[in-house]
Amino acid sequence: MICPHCDNGVADSSNFCGVCGVALSLNIDSQQSPPQMALGLAPWKGGEVALGVFIMIMAMVLLAAVFLSLTDSDDTAIQVWASSNLMGLAILGVVWFLGLKGINADLRSNLRLLGLNPPRINLKLSVLLTLGVFAASFSAAWLFFTMMDWLNADWLAPPEYPPDMVFSGAASVFTFQALAVWTPITEEIFFRGFIFTGLVSRLGIWGAMGASALIFSSFHLDPENLGVLVPIFVTGLLLAGLYWLTGSLWPSIVAHAGQNAAALATAIFLV
């Protein structure tokens, strides 16, 4: 049998291609432990991914318009909290209707399609890889912004988070809930579990990593802080790679949450 994606010769009994990892059959036992790269198992493909990205762009525009109409309100923290939670709900709706709806599988199998299963590697290695991605992402951002500062490229300077974007005192827990818990979970489900996974069968591993990272960084576009696109793109690559290596979305969620929590802590306690 020939893999339809990479033209690699595989045994007729194989469920997955040994080179590109694309699933060769959807008739796979939900209890089966897939090999390192079984992301081609996703029944949604590029068309659903493109539609999902378009819908989320429209959702962002709609939310921005709604909150722009509330300019009389000076409580930026409430707007950040509300928009983050609403975007997360929109993500889950898109993933459900474009990815999982209509799939005759149990809950556990559906979660596995999104990578919400235990890592395929041992816990110690998963933790080390997660910490490595966390450190590499911060190092890449620091290096990039240091270079931009050295080149006097002010238009690529790091963003300055307004102090009023977070709740004060004990209420700051709500900001952490929205930006350091809810947002990492839903964004990883969308950008890695849905987009990256859905593009693997067409673009291959590296192509899907690059495309999903580009979409990830584009969703964080800030006309006043264009410099964030580069480190966020690198972070997107690292998080997709972490998902690929561990076979689970949870390490990527933890690394993403750690980054957001560190940024929030800096904005709250050090600014």
Expected single match for surrounded by fewer than 19 Cβ atoms within 10 Å (Cβ to Cβ), in a helix (DSSP H, G or I) and either at pLDDT 85 or above or of a type outside the set (A, V, I, L, M, F, W, C) (or both) among LEU237, LEU229 is LEU229
Every residue in segment 210-226 that is surrounded by 22 or more Cβ atoms within 10 Å (Cβ to Cβ) and under 19 Å from LEU143 (Cβ atoms), please. ALA213
Working only within segment 87-120, note down all residues that are surrounded by fewer than 16 Cβ atoms within 10 Å (Cβ to Cβ), among the aliphatic types (A, V, I, L, M) and at pLDDT below 95. ILE103, ALA105, LEU107
In the set ALA208, ALA262, ALA257, which member is part of a helix (DSSP H, G or I), in contact with a Lys or Arg (Cβ under 9 Å, 6 or more places away or on another chain) and hydrophobic (A, V, I, L, M, F, W, C)? ALA208
Restricting to segment 240-259, name every residue that is open to solvent by less than 20 Å² (accessible area, probe 1.4 Å) and over 17 Å from ILE215 (Cα atoms). LEU242, THR246, SER248, LEU249, PRO251, ILE253, ALA255
Which numbered condition LEU264 fails, given (1) more than 18 Å from MET60 (Cβ to Cβ); (2) among the aliphatic types (A, V, I, L, M); (3) modelled with pLDDT of 95 or more: (3)
Hey, could you check segment 132-141 for residues that are open to solvent by 50 Å² or more (accessible area, probe 1.4 Å) and in contact (Cβ under 8 Å) with a residue 12 or more places away in the chain and say which is farthest from GLY193 (Cα to Cα)? PHE138
Can you tell me how many residues within segment 150-193 are at pLDDT below 95, among the aromatic types (Phe, Trp, Tyr) and either crowded, with 22+ Cβ neighbours inside 10 Å or within 20 Å of the chain's Cα centre (by Cα) (or both)? 1
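The values are calculated or read from the model by the stated rules, or taken from the named source; none is laboratory data. These numbers come from a predicted model, not from an experiment. A quick note on method: Cβ atoms are made from the backbone with ideal geometry, for glycine too, and the neighbour counts reach across all protein chains shown. What goes into the accessible areas is simple: the full protein's heavy atoms, side chains included, and nothing from ligands, DNA or RNA. Shrake-Rupley method; radii C 1.70, N 1.55, O 1.52, S 1.80 Å.
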